[in-house]
Amino acid sequence: MALGIIILIAALLIAALLTLSSIAKRVREIGTLRAIGWSRGRVVNQILAEMLGIGLIGAAIGVVVGLGVCALVNALGPTLSYSVAGAVVGSSSASGLVHQATAATASATKSIHLHTSISVLTVLVAAVIAILGALLAGLAGAWRAARLLPTSALRDLG
């Protein structure tokens, strides 16, 4: 559980860094939008709308790939087998005290086919996490873009 949370936080931080990098590459575009009268809120909404679209597409691709992998594991998953040999049948701790254990031994072999189960709730939670992760990552970039002054954005890039 803890490893999953750490991986989720790392993925969120990487997405935020990539969003900040994307914003840095779009300084001229954002500066132009601010120069023609776009408010800071409108710039934030634009970037968050883009990130929502990316999150929706990412969630859809993730669900399709996840369902495909589950179907592949169910179709081609190996059969695992194990055996237990040498178990004494009919013995107990009390019978051992009076030396009356049955001498018969049993051997058991079981086979288990590896398969996955898919829960609708798990799929929905994964999709929601993907979308919220994209929006949270976009907040960092949107906040930076909203603070960008049009004059400095257009002046710095020549």
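The values are calculated or read from the model by the stated rules, or taken from the named source; none is laboratory data. Since this is a predicted model, take the numbers as computed values, not measurements. Glycine gets a Cβ as well: all are built from the backbone with ideal geometry, and neighbour counts include every protein chain shown.
For (1) closer than 30 Å to LEU72 by Cα; (2) loosely packed, with under 14 Cβ neighbours inside 10 Å; (3) assigned by TED's automatic domain parsing to the domain that holds VAL64; (4) touching a residue at least 40 places away in the same chain (Cβ under 8 Å), each residue gets a yes or a no:
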| site | (1), (2), (3), (4) |
| --- | --- |
| VAL123 | yes, no, yes, yes |
| ALA127 | yes, no, yes, yes |
| ALA130 | yes, no, yes, yes |
| LEU135 | no, no, yes, yes |
| ALA140 | no, no, yes, yes |
| TRP143 | no, no, yes, yes |
| ARG147 | no, yes, yes, yes |
| PRO150 | no, no, yes, yes |
Modelled with pLDDT of 80 or more and surrounded by fewer than 10 Cβ atoms within 10 Å (Cβ to Cβ): does that describe SER119? yes
Having 2 or more residues that are β-branched (Val, Ile, Thr) and free of Cβ contacts under 8 Å to residues at least 40 places away in the same chain is the bar; report the helices (runs of 4 or more DSSP H) wholly within the stretch 1-85 that clear it. 2-25, 40-76
Could you tell me how many of the residues in the stretch 1-44 are surrounded by 13 or more Cβ atoms within 10 Å (Cβ to Cβ) and among the polar types (S, T, N, Q)? 3
Examine the stretch 38-48 for a residue that is more than 17 Å from ALA146 (Cα to Cα) and not assigned by TED's automatic domain parsing to the domain that holds THR109, and state whether such a residue exists. no
Looking at (1) of a type in the set (A, V, I, L, M, F, W, C); (2) surrounded by fewer than 16 Cβ atoms within 10 Å (Cβ to Cβ); (3) modelled with pLDDT under 90, which is the one condition that is false for ILE57? (3)
Enumeration of residues in the stretch 129-141 that are of a type in the set (A, V, I, L, M, F, W, C) and touching a Ser or Thr at 6+ places or on another chain (Cβ under 8 Å): ALA137, ALA140
Here are some conditions: (1) at pLDDT 90 or above; (2) over 30 Å from TRP143 (Cβ atoms). ARG42 meets all but one. Which one does it not meet? (2)
